[in-house]
């Protein structure tokens, strides 16, 4: 008897050891933190140099998104150790350690969500708006107000100020700044048409401007064998991939490549955006009659086979463009060279992708929706000893970006935020034209606020062949330096459509309201599912009307009212 | 004295399993509290605000709830039936084969897919059923227009069920084959002497001989009714087939992990657990009653 009781005691003791071991590890973490914190506050008071090299090595643990298709790292380098991380170490004495990494997009978002839910955060990471709000609500973030004021370089501050307070407003809660916002160029917000000009030429067609012309061209692309292989295997319009969005929305307003944003916009339909109606009341773009009209057209296109039949099921929309199956897609300026076009060129040097501000609306205007200058938020875990490190890293990147080898993808820079003056791409485009025309020299272009301009000007003639005013693919030499070509092609071809004046539509808000935190997921799912089904013919067009009723009843009306209130000055 | 020293080792051997169970199954049970809270990860389970049954109320107002419950049960029941009948028939057919090497070959080949993960198989399936894939190639011979299988909500559950049965039937056959070897060969000899044909031997000797196994397995699978297979569906579905393919597990994943609605997701997960627990209890009782199967 006593023996068996002993056995149970042993068992319990074992469990206790296991449990106490767990609790030990967490409490031992706490101790050294406070002492280093004190040491650090002393150091902060000593000096506040935006580019100052720390005396003691600083370690920062980060969560990082990885582009799985990125093969630009030289042999031996890794996301954790490459030209960028070594430079950060050398200049600032900051060691970046990757505690976890995930593929860019859904995987990365999910990994962040897991970190938030389990309250197990890396020292710093780049998150999106909804995640930022959640972390503020949960009290997980370090207040960056002071370190921002002390350490942000004048250039970074200047760029943030060009947004007229929008960027700072989006990260400030109760007077405290809980994240470092990015600032994207305006060009990242505008979606337009990319088309295979060699196909157009072959079939004797003009670049389409209106929806009717687009339909004619798309039809010809499908039926008249533009790739000349004798098979009816071409797709006209590439659609979003699995998990991709049909249209950008107020939470993800920028960079929605392969969606149908320009088609919606040509009907003055702005699904996913909060708009002001003619009476000045706030309303939601997705429930407007114009959206039904655009959906009807897309449904028509799809049923006629003009849009990729397997859109939203295909795992990667780019493959159609790379392998030369598709002739049209919609995207922003960088979706060209930085996107699938380098591979498309390697597969077929004649693939002459060009960009046009199209389709136009009934009056002949180009009427895209616009995004928010800030869509990335660099957050720091509450209690991290060196919050200034993340700010210094951004200062450094902006100042010295042009010194790096462009062939190594910039996404390997740890915790990179996009910082660009809103007009940076327009200025770059115009200046490069001047450089090509010989009216400006690279030396003239060392302008503050445009950190890459001089390097771009020096590089342009490496890859651009004469005549300089013709951007067709045969007047480029991508093989001279593919990294440079990606940027230059994106800039010259991708920014050209934005040189004509166009009509901008902004969302009333780009952040969530209180009710949205609990209700938005269900409403958003209802909307995306309905729209996709309508376009792909799985539901009748008139299910749109039922969607509008359901959407309003399930909290939509309440949210519109909330936004209307906050939007009033 | 000797026997008591012996038991001590048993308890020691129990220790790793028991600590594992405590750490990963019993301690996390406290997480259930999230279902009744406005959960705030920064505050944790202990300090988040209690909101009572709010999450459950909202859950039942959602149209999704009905759909996912129906989908889960429909897909799972179909899978249970398919995974019972197909391996049974296959085992009976194999058992009739006389050539031992041939039998072994077939067995090996059909249980290979069991060892592939759904991540790999989903890629293969998506290709086979794609718009330009081989299945549509075959259909085109009969002048049938290509079908986009994975966009069809009406077909999706059947693709899920049949691909799952295809993947698992070889492996599930093993249990029945094992039961078949347990039948006394003298029964077959006796039947043959009495002049029973092959069919008669199958009906009167083989089937009764493995009936207890069949009953036991079908009863125990009741506990699995709400497990419709997260891996498989997650890798194959898309928004177009949510209406017929979204199950509790995938919904909980999206709501909790992608949309950060921890309370709601936990509430739904809890409801699933409660129903599963009831079903397991019932099936255990039935297994005892009909197959005399007991753990304790």
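Since every read-out is calculated from the coordinates, none of them should be taken as a lab result. It should be emphasised that the depicted structure is a prediction, and the values quoted were computed from it without experimental measurement. Every residue, glycine among them, receives a Cβ derived from its backbone with ideal geometry; neighbour counts consider all protein chains shown.
On a full-extension model of 0.36 nm per residue, what is the gain between residue B:50 and residue B:293, subtracting their alpha-carbon distance, rounded to one decimal in nm?
83.2 nm
Provide Rg and Dmax in Å for region A:77-207, with only Cα atoms included in the calculation.
20.0, 62
At 7 Å along Cα-to-Cβ for each site, give me the label-to-label distance between residue A:479 and residue A:515 in nm.
That separation, rounded to one decimal, is 6.1 nm.
Could you estimate the translational diffusion coefficient of region A:288-405 from the Stokes-Einstein equation, with Rh from the Kirkwood formula over C-alpha pairs, at 37 °C and 0.692 mPa s, in whole µm²/s?
Value of D from the Cα-based Kirkwood radius: 174 µm²/s.
What are the extents of the Cα atoms of region A:450-533 along their three principal axes, in Å, largest first?
So the extents along the principal axes, rounded to whole Å, are 56, 33, 27.
Of all the C-alpha pairs in region B:65-172, what % are more than 17 Å from each other?
I get 64 percent for the Cα pairs in region B:65-172 exceeding 17 Å.
Would you kindly calculate the mean projected area, averaged across all directions, of the convex hull enclosing the Cα atoms of region B:112-229, in square nanometres?
Mean shadow area of the hull around the Cα atoms is 11.0 nm².
Nearest 0.05, what FRET efficiency do residue A:504 and residue B:192 give at R0 = 60 Å with Cβ-Cβ as r?
Approximately 0.10, to the nearest 0.05.
From Cα coordinates alone, what are the radius of gyration and Dmax values for region B:1-159 in angstrom?
Computed over the Cα atoms of region B:1-159, radius of gyration and Dmax are 25.7, 82 Å.
Can you give me the angle between helix A:514-535 and the longest principal axis of chain A, using Cα atoms only, in degrees from 0 to 90, rounded to the nearest 10?
In chain A, helix A:514-535 runs at an angle near 30 degrees to the longest axis.
If r is the Cβ-Cβ distance from residue B:105 to residue A:120 and R0 is 56 Å, what FRET efficiency results, to the nearest 0.05?
Here the calculated transfer efficiency is 0.65.
Considering Cα pairs under 8 angstrom that are at least six residues apart, work out the relative contact order of chain A and quote it in whole percent.
Relative contact order comes out at 20 percent.
Taking each residue of B:252-262 in turn, how many C-beta atoms of other protein chains fall within 10 Å of its C-beta, and what is the average?
5
Helix-derived [θ] at 222 nm for chain A: sum -39500 (n - 2.57) over DSSP H runs of at least 4, divide by residue count, nearest 500?
Only helices count here, giving -13000 deg cm²/dmol.
With axes computed from alpha carbons, what is the tilt in degrees of helix A:482-495 against the longest principal axis of chain A, rounded to the nearest 10 within 0 to 90?
Tilt of helix A:482-495: around 60 degrees.
Is any residue of region A:295-311 close enough, with backbone N under 15 Å, to a label point placed 7 angstrom from the Cα of residue A:323 along the Cα-Cβ axis, and if so, which?
Only A:308-311 fall inside the zone, counting backbone N under 15 Å.
Set the Förster radius R0 to 41 Å, insert the Cβ-Cβ distance between residue A:104 and residue B:280 as r into 1/(1 + (r/R0)^6), and round the FRET efficiency to 0.05.
After rounding, the FRET efficiency stands at 0.50.
Arranged by the count of other C-beta atoms within 10 angstrom, fewest first, what order do A:384, A:413, A:475 take?
Sorted ascending by nearby Cβ count, the order is A:475, A:384, A:413.
Express the Stokes-Einstein translational diffusion coefficient of region A:415-497 in µm² s⁻¹, to the nearest whole number, given a Kirkwood radius over alpha-carbon pairs, 20 °C and a viscosity of 1.002 mPa s.
Stokes-Einstein gives a translational diffusion coefficient of 164 µm²/s.
May I have the extent of the alpha carbons of region A:513-563 along their three principal axes, as whole Å values ordered from largest to smallest?
Reported extents, whole Å, longest axis first: 35, 16, 13.
Per 0.36 nm of contour for each residue apart, how much would the distance between residue A:173 and residue A:552 grow if the chain were fully extended, relative to their Cα-Cα spacing?
133.5 nm
Which value in Å is the Kirkwood Rh of region B:1-79 over different Cα pairs?
Evaluated on region B:1-79, it is 16.8 Å.
Percent of Cα-Cα pairs more than 24 Å apart in region A:212-344, please.
32 percent
If we restrict to alpha carbons, what Rg and Dmax does the protein assembly as shown come to, in Å?
When restricted to Cα atoms, the protein assembly as shown yields Rg and Dmax of 31.5, 108 Å.
Normalise the Debye intensity by I(0) for region A:170-230, one equal point scatterer per Cα, no solvent, then take log10 at q = 0.14, 0.27 Å⁻¹ and round to two decimals.
For region A:170-230, the Cα-only Debye profile gives -0.56, -1.09.
With only alpha-carbon atoms in the gyration tensor, what are the semi-axes of the equivalent ellipsoid for chain B, in Å, largest first?
Ellipsoid semi-axes (Å, largest first): 40, 32, 17.
Can you give the helix-only mean residue ellipticity at 222 nm for chain B, where every DSSP H stretch with n ≥ 4 adds -39500 (n - 2.57) and the sum goes over all residues, rounded to the nearest 500 deg cm²/dmol?
The helix-only estimate for chain B comes to -21000 deg cm²/dmol at 222 nm.
Counting only Cα atoms, I'd like the Rg/Rh figure for region A:339-382, Kirkwood definition for Rh.
1.24
Starting from the Cα-Cα distance between residue A:470 and residue A:566, subtract it from 0.36 nm times their residue separation and give me the gain in nm to one decimal.
Contour length minus the Cα-Cα distance gives 29.7 nm.
Which whole number of Å³ per residue matches the convex hull of the alpha-carbon atoms in region B:232-296?
131 Å³
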